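Scroll down for the structure; my scribbles are underneath it.
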Amino acid sequence: MHISKIEIRNMNFCYKDVKLYKENLNVCFERGFIYLIKGKNGSGKSTLAGILLKIWNDFLGTILLDGRNIKDVSREELADAIGLCFQKSPIFRDTVRNNISLGESIKVEKFISVLSFDKDLEEMGRTLESELIDTGSVSGGQAQKIGIIRTICRKRSVYIFDEPTSNLDSISTSKFYRVINDIKNDSIVILFSHESNVEDYVDFTIQL
């Protein structure tokens, strides 16, 4: 499934009969653009991602994916179309390679230089075949790089990044924004972030 347009019409979500958003959401995401969604903690950013992935189904309003109602789309189809990168990316007891590829036949070597992660490995004295135990095996920035690379090495039509640069240094942050500027040509890119300078790198800002 390829998604080039997401239309959210009069959408809201209720927790114990209390609406999450002060005003119903009406927004359109289109291929070729980067969107920043801003809001305080608890404003519903993560909930929105969960709704788009059908983790939450009982929302109010309508969501159309290229004109197709999201309620008629399976979770499997959405998982193949939407890539989600968490702020705190999980690290599994496995090799660096498998932590990125998750067992799929992906040429990981093509992507590890994107955020200079190859240099991180070199500095740590590790290779793609080195085993990681858990999140304590790498720094917060390195875990975040693994999560970003894990996401972008899979071809998706929608990418959602949750606070993607919170643990990155300034050079890696600049490289991240260059990466998403490249991938936006064939996809929709959505960022959740509190970082002060993010608006310099996006096309549209949505305040929750």
Once both labels are modelled 7 Å past Cα along the beta-carbon direction, what's the Phe86-Gln207 spacing in nm? 3.1 nm
Relative contact order, percent, of the chain when contacts are C-alpha pairs under 8 Å separated by at least 6 residues? 33 percent
Can you list the lysines whose alpha carbon sits under 25 Å from that of Lys45, skipping same-chain ones fewer than 8 residues off? Lys5, Lys16, Lys19, Lys22, Lys54, Lys71, Lys88, Lys145, Lys155, Lys175, Lys184
Between Lys38 and residues 5 or more places away or on another chain, the pairs with built amide H atoms under 5 Å apart involve Ile206, Gln207, Leu208
Computed P(r) (all Cα pairs; region 1-151; 10 Å bins; percent): 9, 33, 27, 23, 8, 0
In nanometres, the difference between 0.36 nm per residue of separation and the alpha-carbon distance of Lys71 and Glu23 is 15.1 nm
Tell me, rounded to the nearest percent, the portion of alpha carbon pairs in region 48-97 spaced more than 17 Å apart. 45 percent
Given only helices, namely DSSP H runs of n ≥ 4 each adding -39500 (n - 2.57), what is the per-residue ellipticity at 222 nm of the chain, to the nearest 500 deg cm²/dmol? -7500 deg cm²/dmol
Counting only protein heavy atoms, what percent of the accessible surface of the chain is carbon or sulfur at a 1.4 Å probe? 46 percent
Viscosity 0.890 mPa s, temperature 25 °C, Stokes-Einstein D of region 62-141 from Kirkwood C-alpha radius, µm²/s: 164 µm²/s
Candidates per GluC sites (Glu not before Pro) in region 78-132, loop by DSSP, up to 12 other Cβ within 10 Å: Glu104, Glu129
For region 57-71, in residue order, the Karplus 3J(HN,Hα) values (coefficients 6.51, -1.76, 1.60; θ = phi - 60°; whole Hz; Gly and Pro = x) are 10, 8, 8, 9, x, 9, 10, 10, 10, 6, x, 9, 5, 4, 5
Given region 71-208, what whole percent of its Cα pairs are spread farther than 27 Å? 19 percent
Looking only at Gly67, Gly125, Gly44, which one moves most when the chain is put into a Gaussian network model with springs between Cα atoms under 10 Å? Gly125
If you restrict to DSSP beta bridges whose two residues both lie in the chain, what percentage is antiparallel, to the nearest 5? 50 percent
Which FRET efficiency value, to the nearest 0.05, do you get for Ser170 and Glu199 by plugging their Cβ-Cβ distance into 1/(1 + (r/R0)^6) with R0 = 22 Å? 0.85
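The values are calculated or read from the model by the stated rules, or taken from the named source; none is laboratory data. Given the structure is predicted, the values throughout are model-derived calculations rather than measurements. Using ideal geometry, Cβ is built from the backbone for each residue, glycine included, and neighbour counts are taken over all protein chains shown. Note: areas computed on protein heavy atoms with side chains; ligands, DNA, RNA excluded. Shrake-Rupley method; radii C 1.70, N 1.55, O 1.52, S 1.80 Å.
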